[in-house]
Structures are given as structure tokens and as C-alpha cells.
Amino acid sequence: MSTNILDHNHTSPMPQTIPAISIAPQRAGAAERKKTYPYRFPRDGRLMGGKYSVTENARRLQRFFYFERRLMQGLGSWTLSIPEFEVKLETGRHIFYHGDAARLLRERLHEQEIRLKQVDGFRDAEIDRMVEEVLSADSPAELLVGVHQVLGRALATTYRHHIDDTDPVTDAPTIRCLRRILTDYEPMQEWADQAIAAYIDGGVDESRLAVWRWHLQRLLASVGGITGGDPRGETPSPLRTDTKPYVRGTAPLRDVRFDTFKNTGDYDTADAQERFPKNSYENLRLRFIRTQRDEVDAIEAFGTFIWDIRFKDFESEYNLSRITWDEARHTEIGHRALLAAGYDPFELRNRLTGSTCRGPMTDPAFAMAEINLFGEVGVLKTINHLIDEAANRNDELLRHIAGFIRADERTHVRKGTGILKVMTNLEAKELELRTRELFTECLVSLGAVKSDMDVFTVSREDIEHLVGE
Ligand SMILES: [Fe+2]
Ligand SMILES: [Fe+2]
């Protein structure tokens with residue numbers, strides 16, 4: 001066996017210090033040249049050192065990535081089941097914050113000598129049990145406690161410790177990565193604390209939330225905390241997931257302020273009255289704005305897809321998380337535009353038709369085809385005309401919002417192609433036909449369309465109109 005000069009760990013100890021061998025005239029020359037250098041730039045006070053090797057750094061970042069990825073998926077699975085408008089909307093945003101944190105960590109892991117396949121293939125049964133227990137919350141208030149006050153807070157603290165403990169010179173990219181993640185965490189954590197306080201002020205039992213928080217904190221301690229390296233406590237018992245494994249909800253929930261309908265996809269039919277003549281600009285305009293507010297159901301659709309296709313392909317999960325945030329934005333744009341148009345947004349009935357059909361679907365490909373291939377493509381067919389008309393009429397409110405929404409929906413259609421490929425092997429024709437059949441069945445069961453033939457499938461255009469975006 002040959003002796004490697006670098007192999008100094010075990011047998012023969014190498015000298016503790018290696019002498020520096022300066023050549024006197026060169027050393028003196030350097031000192032002379034320095035004297036003639038006129039600039040006093042700011043001193044960089046960072047000290048080289050830090051606690052982690054590349055291997056240990058990567059081990060920790062891998063766990064961070066996994067927690068973030070699981071939180072993105074997990075919050076996605078709850079989007080149908082959160083009734084409160086503000087919480088559903090904000091959760092749509094948070095799904096992307098966690099997805100984007102996972103993306104940044106994944107990139108850094110790749111730079112720390114971990115193959116992307118390995119990053120994506122990482123699983124941890126203890127973290128899974130922790131996250132699924134958090135998801136077994138019996139109310140949205142409990143969900144916020146687990147996601148934000150237990151896991152979110154622990155993650156933020158761990159990121160700050162990592163920033164302090166790693167080498168600020170050699171590992172500066174990790175520090176930058178974690179700082180950027182914390183930029184999203186700060187408003188998210190602040191909002192969550194206020195939201196939980198609002199639930200308590202509104203009558204949710206504070207002690208129940210405290211019991212749940214304590215339970216989850218002990219569970220996190222039992223797996224060694226976020227890094228896995230903290231001293232381990234006993235596993236609390238019983239766990240909710242021991243008696244009942246977590247399954248996502250299937251029914252779209254709305255809070256008491258909403259007046260919902262699902263017996264039709266058409267607003268005038270739902271209202272039993274036309275506010276403006278059919279096909280008039282005024283009618284199309286209001287329909288467009290209402291549809292945006294009612295895209296609260298698109299938060300549900302895309303959020304649910306992340307859960308339903310979890311672990312198939314990280315990029316698709318990430319793209320879905322971004323679309324979920326965009327749809328949360330469309331929802332708030334719609335809500336604000338209704339206000340700006342003089343309405344109380346809650347006086348306008350909320351369309352639940354699409355989400356009622358999509359929610360229980362076990363194969364996400366058909367739900368995705370409906371909202372992406374029919375809904376989003378459908379919007380693009382009419383929106384150009386609407387924007388031109390708004391410009392002609394000096395309708396700045398509609399021109400403004402529709403411009404941004406068009407840009408988003410074009411992006412969704414583009415990303416949707418890749419996501420659908422991950423969801424299904426079906427050819428386009430077959431996918432469209434099967435989607436139309438499934439939605440016909442659902443729309444008939446809701447009474448939204450009448451079935452008068454044995455073999456009857458609603459057209460693509462009808463689906464666009466009835467349950468599209
Ligand atoms: Fe949208
Ligand atoms: Fe969209």
C-alpha cells in the first residue's frame with residue numbers, strides 16, 4: 001500500500017504548523033509596494049472558519065430541503081379544506097414560499113456535490129411522520145399552529161443558527177440562500193401569529209391550540225429537531241396519524257360570508273337575473289372580474305395537484321407552487337377589482353362548480369386538463385378582445401388587471417404542458433375526451449347540464465364556460 005502524503009489523519013502525526021518560508025527581498029518588496037497603494041477600501045471583517053465541512057453542510061441542507069418540500073406539498077393538500085378566504089389566499093402564497101425555499105436549497109445542494117437525483121430522492125420517515133401529524137390538524141387554526149408556530153419557527157431559528165455557524169467566506173452562497181428564504185419567512189411568520197390570534201379572538205379555544213402546539217413540539221424534539229442533531233426526547237403518544245393516516249379533504253369549503261352555487265356555471269343563471277344584457281361589454285366585464293375572485297377555486301386545484309403528484313418530479317411541484325401563488329393573486333385582484341367597481345365582493349355569489357367536480361378526482365391528470373387545457377386556454381381565447389374593448393372604452397380598471405392576468409395565464413399554459421406530461425401518458429385526444437366525459441358526469445350530477453341522451457358529452461366550449469377560469 002502506498003503512503004499518501006495527504007493521509008495524515010490516523011497513523012503518523014504531521015507537524016502542527018508548517019513554517020512559511022519567505023524570501024527576504026520579496027517580503028520587503030511587498031511592504032514597499034503596499035506603501036505606494038493610496039486606497040483605503042472598507043475592511044471585510046468576516047472570519048474564516050465555521051463549524052461545517054461540505055459533507056455536514058449538505059447533510060443539514062438536505063433536511064432543510066425536505067422539510068420545505070413537504071410543507072409545500074402539505075399546505076397544498078389543505079387548500080380545499082380551509083374555509084376562511086383570507087387564510088386560503090395567504091396559504092396559496094405560502095405554498096410558493098416553501099416551494100421556492102426548496103428550490104434554492106436544492107440548487108445549493110447541487111453545488112455541494114449532491115446529484116439532483118439524490119436531492120430529489122431523499123426521504124426521511126421521521127420527518128414524514130412529523131409533517132403528516134401536523135397535517136392531521138382538526139381545524140385550519142391547528143394547521144397554522146403546526147405549520148408556522150412549530151415547524152416554521154423551528155426552521156427559521158435553525159436557518160439563523162446555520163448562518164451564524166457556517167463559514168462566512170467559504171460557504172457564503174449558503175448564507176445568501178438562507179437569508180433569501182428568511183426574507184419570505186419574516187412576513188409569513190408575522191402574519192401567522194396574527195391570524196392565530198384572530199382565530200382565538202373569534203372564539204377558537206386557545207388551550208386546545210396550546211395542547212396541539214405542545215404535542216407537536218415534543219414530536220419535533222423526538223426526531224432531533226430540524227437538523228436531527230438535537231438531543232432526542234420521548235415520542236409523544238398517541239399520535240393522531242397512528243389511529244388515522246392523513247388523507248386530504250375533497251370538498252371545497254367557503255366561510256360564512258360567501259353565498260355559493262354549483263348547480264350551474266353561469267353567473268346570470270345563478271343570480272336568476274341579468275345585471276347587464278347578455279354579451280354586452282358590461283356583462284363580460286363583470287363576469288371576468290367575478291371569475292378572477294372565484295379563482296379561489298384555482299388555488300384549490302393547483303395546490304391539490306402538488307399533493308396528488310408529490311415526489312414524481314420536483315420541477316413540476318415547483319411550477320405548480322408558483323401557479324398556486326399566481327391564482328391566489330388573481331383571487332385578490334378579483335376581490336379588489338370588485339370593490340373598485342363599487343360592489344361588496346360578498347354580495348356576488350361564488351361559483352363552486354369547478355372545484356366541486358375536481359376536488360374528489362383521484363387522478364389529477366383530468367382535473368389538470370380541465371383547468372389548464374380548457375380553463376386557462378379558454379381565458380386566452382377571449383381576453384385579447386376584452387382588453388382591446390377596455391382600452392377603447394377607457395376602462396382603465398379592466399385594462400390594467402386583465403393585462404397582468406393575461407401574462408400570467410400565458411405562462412400557466414406554457415408550464416402546464418410539462419406538468420401534464422408528468423401526470424399522464426395519455427395522448428392529447430384521449431385526455432381531452434376522458435376529461436370531457438368525467439366533467440359531463442359531474443355536471444349532470446350537479447344539475448348544471450341536463451342529460452337527455454344516453455351517450456352525451458358536453459363540448460369543450462361548454463366546459464370552458466361552465467367551469468373554466
Ligand atoms: Fe388565474
Ligand atoms: Fe391560471
For segment 195-263, what ratio Rg/Rh do Cα atoms give with a Kirkwood hydrodynamic radius? 1.13
At N392 and K244, where each label point lies 7 Å from the Cα along Cα→Cβ, what is the point-to-point distance in nanometres? 5.7 nm
If you average 1/r over all unlike Cα pairs in the chain and invert the result, what Kirkwood radius do you get in angstrom? 25.2 Å
Equivalent ellipsoid, segment 232-274 (semi-axes from 5 times Cα gyration tensor eigenvalues, Å): 45, 11, 7
Tell me, in nm to one decimal, what length is gained between N283 and M48 on full extension, where the rule is 0.36 nm per residue of separation less the Cα-Cα distance? 78.1 nm
Segment 16-69: chymotrypsin sites (Phe, Trp or Tyr not before Pro) in DSSP coil with no more than 13 other Cβ atoms inside 10 Å: Y39
What FRET efficiency do you get for A172 and R406 if R0 is 41 Å and r is their Cβ-Cβ distance, rounded to the nearest 0.05? 0.55
May I ask you to list the lysines whose Cα is less than 22 Å away from that of K450, ignoring any residue fewer than eight positions away on the same chain? K262, K278
With r defined as the distance between the Cβ atoms of D138 and T260 and R0 fixed at 25 Å, what FRET efficiency is calculated, to the nearest 0.05? 0.60
re segment 63-201: pairs of Cα atoms spaced beyond 26 Å account for a percent value of 24 percent
proj_area_mean for segment 406-455 (convex hull on C-alpha atoms), units nm², value 5.0 nm²
Just to verify a number: FRET efficiency for M14 and H110, C-beta to C-beta distance, R0 = 45 Å, to 0.05? 0.85
Within the set K244/K415; K51/K88; K51/K244; K88/K312, which residue pairs have Cα atoms separated by over 32 Å? K244/K415; K51/K88; K51/K244
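Readers should treat all values here as calculations from the given coordinates under stated rules, not as data from a laboratory. On a predicted model such as this, the values are computed, not experimentally measured, just so you know. Virtual Cβ from ideal backbone geometry, glycine too; neighbours counted across all protein chains shown.
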